[in-house]
Amino acid sequence: MGGQRKRKAYQQKAWDSSRTEVTPTSGSGLSPSEIAAMSLEDPYRADLAQLGVQYRQRGAELQAWIADPTSPGCNVELKIQSWETLLGDDIRRWDRNTTLTTNLELIDGQMPIQRGWVSPPLEVGNVHKIGLSHNNVYRQILWQPMGTGPHGVQVMNIWRQDTGLGAIFARDILRQHGAHWGEVCQAQYTIDNPIETLKYVFVINCVNDQTWPYVMDLYYRKKLSYDDPLLPAVIWQWDSPEYQEILGTTIGRGVARLVLGSFPRGTRRIDRIQTWVHNGQLQLRFDIVEVNPTGEAV
């Protein structure tokens with residue numbers, strides 16, 4: 001999920017979803033002249049702003065693909081993956097009802113590891129208020145398949161997420177070959193629930209080297225204190241420049257691919273993206289809503 005960086009040594013209570021949420025004023029996109037002026041004062045932030053132009057273009061394209069089945073260029077196929085299709089012949093070696101935590105003879109990295117039933121991560125706070133269970137009803141699976149990367153080098157993917165009715169909690173995302181993260185999430189989620197019931201995707205302790213620094217730069221531009229342990233969740237609304245920019249980063253693109261691969265285009269949208277900080281680390285929530293033929297949330 002990208003490199004780590006030193007964090008401030010304060011302890012923060014679990015994010016409380018009952019706090020007032022901040023909806024920043026739209027229009028954070030910088031003009032080319034503003035970026036050029038910034039490059040003289042702060043080259044690092046100027047580079048981020050330039051990347052923001054690319055992220056916004058990519059995010060706007062993904063937003064259009066999700067919203068409009070006639071929008072051209074979509075390269076994501078509507079297809080619900082399963083463990084059978086992802087594992088092929090190896091499916092015979094995997095029992096979804098067996099919890100493997102210590103039997104190293106059965107854990108060779110190529111097989112998904114069922115790690116048990118867990119409650120929502122502490123970082124997400126009170127999920128009961130958004131209709132999710134706070135009990136141990138989420139299936140946690142770790143999968144670390146090896147494969148061949150560029151130049152014939154052996155590389156490893158790392159996927160660890162918890163899935164249960166209405167939600168996916170992504171804990172570790174590192175893809176270097178093979179299936180996309182969204183396909184793995186589909187396969188795991190649909191073990192227990194129809195994909196039509198998915199409403200929320202959480203990304204826990206995000207350190208992705210695109211998404212994390214870019215969201216932090218948005219905080220800076222909006223004069224929001226990243227270091228404030230009491231800062232409520234920030235909402236980035238659908239169709240705003242900030243929303244499109246986050247959607248265009250690595251993590252946003254992964255969630256967009258998950259939506260495109262799971263639902264017919266024009267029937268769902270990522271209605272808003274929420275971000276907050278817990279113990280110095282970035283958390284994200286993507287809200288998926290059903291829309292009617294006119295594009296309004298239902």
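Nothing in this text is a laboratory measurement; each read-out follows from the coordinates by a stated rule. Fair warning: this is a prediction, and the values are worked out from it, not measured in the lab. Glycine gets a Cβ as well: all are built from the backbone with ideal geometry, and neighbour counts include every protein chain shown.
Key figures
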quantity	calculated
In the stretch 179-214, the residues that are under 22 Å from V118 (Cα atoms) and either of a type in the set (S, T, Y) or assigned to a loop (DSSP other than H, G, I, E, B) (or both)	Y189, T190, N193, P194, T197, L198, K199, Y200
The lone exception for D217 - which of (1) assigned to a strand (DSSP E or B); (2) over 27 Å from R160 (Cβ atoms) it fails	(1)
Residues within the stretch 232-258 that are surrounded by fewer than 23 Cβ atoms within 10 Å (Cβ to Cβ) and assigned to a strand (DSSP E or B), tallied	3
Test set (1) in a strand (DSSP E or B); (2) surrounded by fewer than 22 Cβ atoms within 10 Å (Cβ to Cβ); (3) not charged (D, E, K, R) - G261 fails condition number	(1)
Extreme residue, nearest to V203 (Cα to Cα), among residues of the stretch 254-282 that are without any contact (Cβ under 8 Å) to a residue 40 or more places away in the chain and not hydrophobic (A, V, I, L, M, F, W, C)	R272
Residues within the stretch 156-178 that are among the aliphatic types (A, V, I, L, M) and either surrounded by fewer than 22 Cβ atoms within 10 Å (Cβ to Cβ) or assigned to a loop (DSSP other than H, G, I, E, B) (or both), tallied	4
Flag for R285 being within 17 Å of G166 (Cβ to Cβ), in contact (Cβ under 8 Å) with a residue 40 or more places away in the chain, part of a strand (DSSP E or B) and more than 14 Å from the chain's Cα centre (by Cα)	no
Of all residues making up the stretch 77-89, the number that are surrounded by fewer than 18 Cβ atoms within 10 Å (Cβ to Cβ) and touching a residue at least 12 places away in the same chain (Cβ under 8 Å)	6
